[in-house]
Amino acid sequence: MGFLTVEELEYGSVTSIDEDLVESDGDEVKNVGKAEGVYVVSFEDGSSHMVAITTSFLKGDALRLFGVLKSDVFDSHVAVIGGTGSTMMLMAMLQLRLSTK
């Protein structure tokens, strides 16, 4: 197993994530939870973005997500690395579709 040294870490920008999760049926938008975490962009090329997020849903469940978002593709995949409530012990992959809305 390899480890990163301080010299190997890249300079970049870190942005905190604190967003409401909403769903819509086309007519009505309703709040279903919250997403909180960090988004890291490398200054070297800017094409890959690391994301670590905890999503908490109003019904009491939560998911922990970790992955790399690519800016040069429409879809990215992130790992579900755990959860609470009905998602406890969940391990999966999610496909994220980036939207400009």
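The set of residues in region 49-101 being among the polar types (S, T, N, Q), farther than 17 Å from Ile17 by Cβ and modelled with pLDDT under 85 consists of Ser86, Thr87, Gln95, Thr100.
Cβ-Cβ distances below 9 Å connect the following pairs, each with a first residue in region 54-76 that is within 15 Å of Ala92 (Cα to Cα), a second residue that is part of a strand (DSSP E or B) and among the charged types (D, E, K, R), and a separation of six or more residues or different chains: Thr54/Lys34; Thr54/Glu36; Thr54/Arg64; Thr55/Lys34; Thr55/Glu36; Thr55/Arg64; Ser76/Lys70; Ser76/Arg97.
Select from region 59-101 the residues that are in a loop (DSSP other than H, G, I, E, B) and either touching a Cys at 6+ places or on another chain (Cβ under 7 Å) or surrounded by 13 or more Cβ atoms within 10 Å (Cβ to Cβ) (or both) and list them in ascending order.
Asp61, Leu90
Within region 1-22, the set of residues being farther than 16 Å from Ser48 by Cα, at pLDDT 75 or above and among the hydrophobic types (A, V, I, L, M, F, W, C) comprises Ile17, Leu21, Val22.
The values are calculated or read from the model by the stated rules, or taken from the named source; none is laboratory data. Since the structure is predicted, the reported quantities are computational estimates derived from the model, not experimental observations. Here the Cβ is made from the backbone with ideal geometry for all residues, glycine too, and neighbour counts use every protein chain on show.
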